[in-house]
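A.B. asks: Sharing a structure, written as structure tokens. Questions coming.
Since every read-out is calculated from the coordinates, none of them should be taken as a lab result. Fair warning: this is a prediction, and the values are worked out from it, not measured in the lab. Cβ coordinates were reconstructed from backbone atoms using ideal geometry, including for glycine residues, and neighbour counts include every protein chain displayed.
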Amino acid sequence: MIQKNVFWWAMQKKRVALIIGVIVCISFVVLLQYQTPKSLWAWTQLLIVPLVLALGGFLLSYTVSKNEQEKTEHQYRNDHKIARDKQREDILQTYLDHMSDLLLKESLRISQPDSEVRIVARTRTIAVLRQLDAPRINQVFSFLREAKLVTAQQGESVISFSGANMRGLDLKECCAYEIDFSFADLSEANFSGADLNLVNLRGANMSGIDLNGANLSQADLSGANLVGANLCQANLSGTDLSGTDLSGADLNGANLKLADLSFSNLSRAGLIEANFSFANLNQADLSEARFSRADLSRGHHLIEANLSEADLSGANLSGVSLSGADLSGADLSGADLSGANLSDVSLSGADLSGANLSEADLCRVDLSRADLSRANLRESDLIEANLSGADLSKGDLCRVDLSGADLSKANLSETNLHEANLSRVNFSEADLSFADLSGADLSEANLSEASLSEVSLSEVNLTDAKVSQAVNISSEDQLGKAKAQSLVE
């Protein structure tokens with residue numbers, strides 16, 4: 001019908017163009033017979049009216065034809081939609097009638113797991129899902145639940161979707177809660193906005209699936225393949241994601257409160273502004289993941305997690321347990337790690353500039369070559385930590401415990417070390433210029449070749465400290481230096 005309208009409109013344009021051409025030719029022939037300027041002007045004025053009328057007729061015809069074409073196309077689309085809707089309704093009613101026969105005449109509900117009636121019912125159900133829209137798919141799932149033909153428990157459903165090929169299926173905004181999809185192929189399927197509460201997706205292949213805004217609370221996705229999946233703004237609270245492959249997945253803004261992500265692969269995943277409160281990330285791989293502004297606070301477990309090269313800038317990690325985790329090269333600039341357990345963590349080369357690490361447990365942490373400039377480390381525990389080559393300039397290390405730590409070649413210029421425990425610290429070749437060491441304990445510390453310009457050591461405990469070859473030491477502290485050296489000698 002649309003093609004006919006296009007052909008008709010093309011013919012109309014040709015006719016209008018022919019009429020205008022004829023008028024112009026006649027006008028040209030007539031004008032040739034009158035060569036005086038006066039008569040030429042008179043004929044020009046005379047021909048203006050028909051030319052304007054012809055042009056107006058063309059525009060009117062064009063407008064009317066265009067409106068008719070749009071109306072026809074709209075009617076065609078509407079008729080097609082009605083026909084398609086009727087077709088879907090007929091498919092649904094045929095399916096429901098057939099399933100009713102299987103229930104009443106073939107005893108489907110009490111049939112054996114490998115019986116022919118179950119195989120037929122399962123095949124028909126999967127096939128019909130591909131032909132229906134979301135509202136009618138919901139009717140199918142509702143029918144299956146009401147008839148007690150499906151359950152989330154693996155191996156207990158009469159009509160099982162476990163291991164089914166449902167690749168590319170469009171289940172947008174459907175209600176598929178409490179159904180067993182374990183080990184099914186759902187790759188590239190569309191479940192955006194779907195209700196999948198308490199669903200069983202254990203071991204399912206969901207690579208590239210769209211779960212944007214879906215409700216997966218308390219679902220079982222353990223061992224599932226979610227590589228490159230879209231889980232943006234999804235609700236995954238209390239969900240079992242242990243051992244799940246989420247590499248490259250989009251979890252930006254997702255709710256992962258109380259989720260179990262132990263042993264999962266989240267490398268290169270987008271986790272910006274995601275909520276991980278009380279989630280379990282033990283031994284998870286979060287390398288190169290993007291966590292900026294994410295909430296990982298309040299009772300998290302990230303023990304032995306791999307967060308190397310991860311983006312955690314501005315993230316909330318207060319009180320989190322990261323014991324034994326790998327955060328080497330991670331971006332933690334501006335992050336809140338107050339009260340966090342970072343004992344035995346690798347943070348070598350990490351960016352912690354402006355981070356809050358107050359009262360954190362950093363015992364034996366590896367912060368070599370890390371950027372801690374302007375960081376807040378007040379009252380934190382850094383016993384035997386490795387800070388060699390680290391940048392701590394302008395940082396706040398008031399009352400910090402650095403006993404036995406390695407700060408060789410570290411930059412501590414303008415750092416606040418007021419009343420800090422610096423006993424047995426290795427400051428060799430470190431830059432302590434303009435640092436505040438008032439009330440600090442530097443007993444047995446190694447300050448050889450350290451820069452102490454504009455540093456006052458008058459109120460510092462230098463018992464058994466090694467200050468030999470310290471450079472740029474203030475003249476007013478020569479006595480303190482001499483005493484310290486004599487003790488060493």
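A.B. asks: Assuming 0.36 nm per residue, please report the length gained on full extension of the stretch Lys105 to Arg167 beyond their Cα-Cα distance.
C.D. replies: Separation in residues times 0.36 nm, less the Cα-Cα distance, equals 19.1 nm.
A.B. asks: Further, regarding this structure: Be a star and scan the range 178-194 for residues whose amide nitrogen sits under 19 Å from the point 7 Å along the Cα-to-Cβ vector of Ala147.
C.D. replies: Residues 178-181 fall inside that zone.
A.B. asks: Kindly flag which residue pairs out of Lys86/Lys257; Lys66/Lys86; Lys394/Lys466 have an alpha-carbon separation exceeding 32 Å in this structure.
C.D. replies: Distance filter (> 32 Å) returns Lys86/Lys257.
A.B. asks: Using θ = phi - 60° and the Karplus curve 6.51 cos²θ - 1.76 cosθ + 1.60, what whole-Hz ³J(HN,Hα) does each residue of the range 149-164 get, with Gly and Pro shown as x?
C.D. replies: Along the range 149-164, the couplings run 9, 10, 7, 7, 6, 4, x, 10, 7, 6, 9, 9, 9, 5, x, 6 Hz.
A.B. asks: Can you tell me how the range 84-227 classifies by the Cα gyration tensor, rounded, prolate or oblate, using a/c under 1.5 as the rounded cut?
C.D. replies: oblate
A.B. asks: Each label point is 7 Å from the Cα along the Cα-to-Cβ direction; what then is the distance between the points at His74 and Leu55, in nm?
C.D. replies: It is 3.0 nm.
A.B. asks: Which whole-angstrom value gives the distance between the alpha carbon centres of the range 197-240 and the range 374-448?
C.D. replies: One Cα centre to the other: 46 Å.
A.B. asks: If you don't mind, another one. First check a/c for the range 237-276, with a ≥ b ≥ c the square roots of the eigenvalues of its C-alpha gyration tensor; if it is under 1.5, answer rounded, and if not, answer prolate when a/b is larger than b/c or oblate otherwise.
C.D. replies: Oblate.
A.B. asks: Here's a follow-up. Can you classify the range 70-115 as rounded, prolate or oblate using the Cα gyration tensor, where a ≥ b ≥ c are the square roots of its eigenvalues, rounded means a/c under 1.5, and otherwise it's prolate if a/b beats b/c and oblate if not?
C.D. replies: It comes out prolate by the Cα gyration axes.
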